[in-house]
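Working notes, structure below.
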Amino acid sequence: MGLMEKCFGFSWGVHPADHKRPAADAPVRVMPMPERLFVPLAQHLGAPALPAVLAGQKVKKGERIANPQGAVSAAIHAPAAGVVTAIGEIPAPHPSGLPVLAVTIEVDGEEACDGADGGPPPCDDPFALDPAEIGRRVAQAGVVGMGGAAFPSALKLSSSKKAGVETLIINGGECEPYLSCDDRLMRDEAPAIVDGIRIMLHATGAREALVGIERNKPEAIAAMREAARAHGDVTIRPIPVRYPMGSEKQLALTLTGREIPAGRLPADAGVVVHNVGTAKAVSEAIRHGRPLISRLVTVNGGAARAPGNILAPVGALVADVLAFAGGLKEEPARLIMGGLMMGMSLPHARVPLVKGTSGILALSAAEVDDRAPDPCIRCASCARACPMGLLPLEMARHIAADDFAGAAGRGLKDCIACGCCAYVCPSRIPLVQYFAHARGRLAAEERARLRLDATRKMAQAKSARLAAEAREKAEAAARRKAERAAAAAKAKAAAEAEAAASEEARALVDA
Amino acid sequence: MNPIAYQAGRTYASPHAHGGGKGARAMFFVQLALAPATLFGFWLYGWPAFFLWLVTILSALFFEFTCLRLMGNKTPGRVLCDGSALLTGWLLAMTLPPWAPWWIGFIGAFIAIVIGKQVFGGLGQNVFNPAMAARVALLISFPLQLTTWVAPLPLAAPPSPGWLESLHIALGQAAPPDAMTSASLLGYARSELARGADLLQAFAAGQAAPRISWLGVRAGSLGESSAPLLALGGLFLLASGVIRWHAPAGMLAGVLVPAFIAHAAAPGAYLDAQAHLLSGALLLGAFFIATDYVTTPITGAGRFIFGLGAGIMTWIIRSLGGYPEGVAFAILFMNALTPLIDRCTRPRVFGRTRAGEALEAGASSGESA
Ligand code: SF4
Ligand code: SF4
């Protein structure tokens with residue numbers, strides 16, 4: 001950072017209290033299979049998977065129950081053995097309340113062996129595999145990014161290979177308060193994570209891997225250092241504690257000094273970012289042929305009786321996970337899926353866990369603060385906190401005046417919805433909500449515009465067609481007229497000729 | 001509690017936590033920072049100053065309350081608690097001549113709160129600093145009352161007016177006795193220059209000339225006299241993070257650098273930097289007015305430019321203009337330029353050039369943590 005930027009620039013980010021301990025220090029508890037699992041078909045970015053089973057069908061643990069559909073999608077596997085009882089809509093973990101499609105499995109407890117049907121074959125020496133084959137197997141195992149965005153990992157691997165990415169960045173930042181599942185995973189499974197990282201290095205052709213871990217996780221740093229000691233291409237890099245350090249762009253900048261250009265992929269800056277959980281899932285998939293059917297999730301918050309990390313099957317209801325984790329001390333003021341800063345608030349606990357769920361937070365009334373907003377006093381705290389260098393107050397001003405295009409012109413596209421601005425705003429203006437609202441309206445406008453364009457094109461095509469038809473008709477009529485005229489002329493000529501002939505004949509007769 | 005029974009009334013937007021900052025806290029800190037210099041003003045100018053201060057603040061609260069009521073605000077009390085009307089009244093009182101009659105404070109508060117703030121839409125919407133707008137309007141409307149200064153008369157000193165007498169002065173029933181009126185340094189310099197006198201000789205000449213006082217024992221506005229106490233308040237605000245250094249530094253530089261150069265070139269025609277620093281509203285303006293959130297630019301660079309502009313304008317008005325003091329005019333002038341400064345000093349967006357274009361793929365910005 002230049003001197004000018006230091007003096008006049010912004011010290012991005014915020015430092016919320018992390019609330020990670022004691023949950024982070026408690027050993028992982030393994031949740032037993034609940035009676036019923038609800039496995040959503042859209043757990044990843046992109047198109048939902050296409051169900052490959054029928055209601056009433058028996059499935060084995062790890063069996064593939066849905067296939068990827070379209071270019072960006074991921075396979076889904078049965079987290080437990082049982083019977084598919086329904087494929088239909090269930091309440092979604094989404095504030096809109098719109099239901100999502102899910103496969104409901106009645107668990108019957110019969111445990112099938114690992115790697116049944118759906119998963120890739122186990123492999124002892126992944127480094128002998130062709131990089132493309134690794135990508136195929138990762139896709140077969142249904143691995144997606146486990147940091148939250150849930151982008152299909154196989155696609156990221158193959159596109160990085162194509163783009164010639166040099167540096168693989170592994171996100172162990174876990175900058176969100178309350179969450180500690182990545183921390184726990186690094187402490188307990190460092191060798192598997194490092195193995196996964198090395199497999200990904202092989203698959204992408206990247207030169208080196210940098211693992212960024214925030215300094216507030218000394219145990220994880222030590223465990224990962226130990227595991228990576230024998231591998232020169234994997235470097236553990238402790239990074240400052242600052243939210244949103246775990247955001248792709250900020251992490252890449254901090255670790256490599258490279259700035260990912262606006263609107264481009266990290267690969268355009270020669271890097272690719274994967275989460276530590278993803279690295280572990282890749283190792284599991286390639287070495288043991290295990291599909292991604294369970295994950296570590298942090299249960300935390302003032303209303304949770306026994307905060308800690310739970311190894312839970314995908315598709316388990318939030319209510320079941322909470323109950324296993326010790327239940328609730330009190331009615332939570334808010335129930336959140338994901339992190340404190342970017343997670344979404346749930347209307348109820350009857351929604352299933354998905355591959356990207358890193359935490360379930362039951363916040364007590366003392367932890368939330370629902371004071372009504374005051375007017376903006378232009379204090380610029382939001383602008384100083386914004387990691388993207390935006391001016392949230394300006395965007396909000398345009399949005400408040402229903403000028404969504406104006407907000408878009410002032411950086412709405414660059415906003416990563418990290419929530420730093422709303423976190424620091426002394427007037428408690430719900431800035432992120434403003435931005436989400438504006439994005440929704442802009443998307444609706446865009447759809448309307450596309451529709452209008454389509455209608456206009458159709459109308460144009462129709463009038464062109466009609467004009468062409470009319471022209472053809474007119475031409476045909478003219479042609480017919482001309483033909484008729486010609487025929488008449490011919491007939492006349494014939495008649496005249498005939499008359500002449502008969503005249504001649506008469507003359508001959510006369511003669 | 002059984003988790004399955006959980007049913008939220010509604011869902012909430014992220015983030016689900018707040019840093020805990022409050023606008024009222026900043027206002028409170030500013031008032032705290034103003035207190036020493038204000039108390040010093042009371043001590044220096046006696047009870048009339050206190051009465052004027054009280055009237056101005058109460059009037060500001062009264063007008064704020066009335067406006068909110070008239071506009072149908074259901075909880076005017078809650079808004080009053082944000083402390084901004086109180087602060088506006090306080091700042092205005094700081095800039096008034098300490099023995100001005102009560103109605104100066106009352107009218108000033110009306111101009112500041114009603115015309116300067118509520119007409120624009122209330123807190124956060126005003127373009128001009130309300131206290132400065134009121135101060136300028138008063139100066140133009142009531143030039144006599146706004147330029148009648150009294151010699152410093154510490155409270156305990158014998159000629160200082162007593163309680164009752166002070167009340168008369170504050171109520172405007174008694175004018176300050178002639179023996180007590182005094183010229184401010186800037187006013188003296190201006191009138192001497194207007195006479196065509198040389199400043200060096202004018203200040204060298206006898207008793208009549210006001211002296212520079214580092215402690216602030218001088219004729220001047222209610223709360224502008226004590227440079228050390230104002231600076232102390234400013235440093236406190238800087239240390240507590242309520243204000244940032246850009247605007248004060250810019251403003252001080254904007255006045256002192258030209259003053260130094262001009263005085264060095266023509267000492268007879270221009271006051272020196274020290275006189276500028278210790279006179280008028282410069283320190284109050286730099287630390288308390290140019291740092292107002294609402295009416296100044298957002299970014300550090302913008303605030304520096306704002307301060308610099310206000311400082312240079314102040315020096316120009318003081319040295320070349322028709323008025324002896326220029327801080328209020330300069331601030332209002334820069335307030336008007338604030339949207340423009342904001343537009344020119346937007347921060348660089350991540351992944352984009354300063355012009356807003358996406359960075360080249362593969363290019364490294366060279367920045368590293
Ligand atoms: S939510 Fe958007 S505008 Fe607010 S701080 Fe984060 S990136 Fe900046
Ligand atoms: S932090 Fe809040 S009050 Fe301050 S400028 Fe931003 S939006 Fe306005």
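Dividing the convex hull volume of the alpha-carbon atoms in the range A:5-82 by its residue count gives 183 Å³ per residue. Highest mean packing comes first when the peptides B:65-73, A:47-55, B:323-331 are listed by Cβ atoms within 10 Å, giving B:323-331, A:47-55, B:65-73.
Relative to the 2.2 N^0.38 Å rule of thumb, the range A:336-443 has a C-alpha radius of gyration ratio of 1.15. In chain A the Cα-Cα distances spread across 10 Å bins starting at 0 as 4, 16, 24, 23, 13, 5, 3, 3, 3, 3, 2, 2, 1, 0 percent of all pairs. Hey, with R₀ at 25 Å, roughly what FRET efficiency would A:Ala230 and A:Glu133 work out to, going by the Cβ-Cβ distance, to 0.05? So, using R0 = 25 Å, E works out to roughly 0.50. Neighbouring Cβ atoms from other chains, within 10 Å of the Cβ of residues in A:423-430, number 5 on average.
Here each label is just a point 7 Å from Cα along the line to Cβ, and for B:Phe120 and B:Arg348 those points are 3.2 nm apart. When peptides B:3-13, A:415-425 are ranked by their average number of other Cβ atoms within 10 Å per residue, the highest-first order is A:415-425, B:3-13. FRET efficiency for the pair A:Glu106 and A:Leu50, taken as 1/(1 + (r/R0)^6) with r the Cβ-Cβ distance and R0 = 25 Å, rounds to 0.70. Diffusion coefficient (Stokes-Einstein, Kirkwood radius over C-alpha pairs, 25 °C, 0.890 mPa s) for chain B: 110 µm²/s, rounded to a whole number. Whole-Hz Karplus values for the range A:347-356 come out as x, 7, 9, 8, 10, x, 6, 10, 4, x Hz, taken residue by residue from phi with 6.51 cos²θ - 1.76 cosθ + 1.60 and θ = phi - 60°; glycine and proline positions read x.
Calculated over the range A:410-487, the projected area of the Cα convex hull averaged across directions stands at 7.4 nm².
Heavy-atom accessible area buried between chains A and B is around 5700 Å² (1.4 Å probe, both sides summed). For the range A:120-290, the Kirkwood estimate of hydrodynamic radius, built from reciprocal distances between every pair of different alpha carbons, is 15.6 Å.
Specify the angular offset, from 0 to 90 degrees and rounded to the nearest 10, of the alpha carbon long axis of helix B:23-45 from the longest principal axis of the alpha carbons in chain B. The two axes meet at around 10 degrees. Compute the label zone of A:Glu475 within the range A:425-463: residues whose backbone N is under 13 Å from the point 7 Å along Cα-to-Cβ. Those under the cut-off are none; the list is empty.
Distances between placed amide hydrogens fall under 5 Å for A:Val100 paired with A:Ile90, A:Ala92, all partners being 5 or more residues away or on another chain. Residues whose amide H falls under 5 Å from that of A:Ser294, counting only those 5 or more places apart or on a different chain, are A:Val314, with hydrogens built in the peptide plane. Using the alpha carbons alone, the radius of gyration of the range B:211-369 stands to its Kirkwood radius in an Rg to Rh ratio of 1.09. 3J(HN,Hα) along the range B:211-217, derived from phi through the Karplus expression 6.51 cos²θ - 1.76 cosθ + 1.60 where θ = phi - 60°, amounts to 10, 6, 9, 5, 7, x, 7 Hz, with x in place of Gly and Pro.
Is the C-alpha gyration tensor of the range A:254-392 telling us rounded, prolate or oblate? Criteria: a/c under 1.5 is rounded; beyond that, a/b larger than b/c is prolate, otherwise oblate. Judged from the Cα gyration tensor, the range A:254-392 comes out oblate (a/c at least 1.5, b/c at or above a/b).
Charge dipole (Cα centre; +1 on Lys/Arg Cβ, -1 on Asp/Glu Cβ; no other charges) of chain A amounts to roughly 1000 debye. Stokes-Einstein diffusion of the range B:24-182 at 37 °C, 0.692 mPa s viscosity, Kirkwood radius from Cα pairs, rounded to a whole number: 205 µm²/s. Summing charges over all other residues whose Cβ lies under 11 Å from the Cβ of B:Lys22, with Lys and Arg as +1 and Asp and Glu as -1, gives 0.
Here the sum of -39500 (n - 2.57) over DSSP H runs of 4 or more residues, divided by the residues of chain B, equals -16500 deg cm²/dmol at 222 nm, to the nearest 500. The smallest convex shape that holds all Cα atoms of the range A:373-511, its convex hull, gives 116 Å³ per residue. The mean count of C-beta atoms from other chains within 10 Å of the C-beta of residues in A:26-39, rounded to a whole number, is 0.
For the residue pair A:Arg264 and A:Lys457, what label-to-label distance in nm results when each label sits 7 Å from Cα along the Cα-to-beta-carbon direction? It works out to 3.0 nm between the two label points. Computing FRET efficiency as 1/(1 + (r/R0)^6) for A:Ala405 and B:Glu360, where r is the C-beta to C-beta distance and R0 is 30 Å, gives about 0.65. Shape index of the range A:105-207: Rg/Rh, with Rg the Cα radius of gyration and Rh the Kirkwood radius from the inverse mean 1/r over Cα pairs, equals 1.00. Per-residue packing, averaged as other Cβ atoms within 10 Å, sorts the ranges B:112-121, A:139-148, A:230-239 into the order A:139-148, B:112-121, A:230-239, beginning with the highest. Of A:Lys413/A:Lys457; A:Lys156/A:Lys280; A:Lys20/A:Lys61; B:Lys74/B:Lys117; A:Lys20/A:Lys329; A:Lys60/A:Lys156, which pairs sit farther than 23 Å apart, going by alpha carbon to alpha carbon? Cα-Cα > 23 Å for A:Lys413/A:Lys457; A:Lys20/A:Lys61; A:Lys60/A:Lys156; rest within. Think of the range A:373-511 as having a plus end and a minus end, set by charges on the Cβ of Lys, Arg, Asp and Glu; of A:Ala474, A:Ser381, A:Ile416, A:Ser381 sits farthest toward the positive end of this dipole.
Distant-in-sequence amide contacts of A:His348, defined by a placed amide H-H separation under 5 Å and a gap of 5 or more residues or a different chain, comprise B:Ala8.
Rounded to the nearest Hz, the phi-derived 3J(HN,Hα) couplings of the range B:272-289 under the Karplus curve 6.51 cos²θ - 1.76 cosθ + 1.60 (θ = phi - 60°) are 7, 4, 5, 4, 5, 5, 8, 10, x, 9, 4, 5, 4, x, 5, 8, 10, 9, where x marks glycine and proline.
Taking every residue in A:155-162 and counting other chain Cβ atoms within 10 Å of its Cβ, the average works out to 0. With angles folded into 0 to 90 degrees, how steeply does helix A:131-140 sit against the dominant principal axis of chain A? Use alpha carbons for both and round to 10. Compared with the principal axis, the helix lies near 90 degrees. Here the alpha carbons of the protein assembly as shown define both size measures, Rg and Dmax, at 38.5, 167 Å.
The values are calculated or read from the model by the stated rules, or taken from the named source; none is laboratory data. Given the structure is predicted, the values throughout are model-derived calculations rather than measurements. Neighbour counts run over all protein chains shown; Cβ positions are idealised from the backbone, glycine included. What goes into the accessible areas is simple: the full protein's heavy atoms, side chains included, and nothing from ligands, DNA or RNA. Shrake-Rupley method; radii C 1.70, N 1.55, O 1.52, S 1.80 Å.
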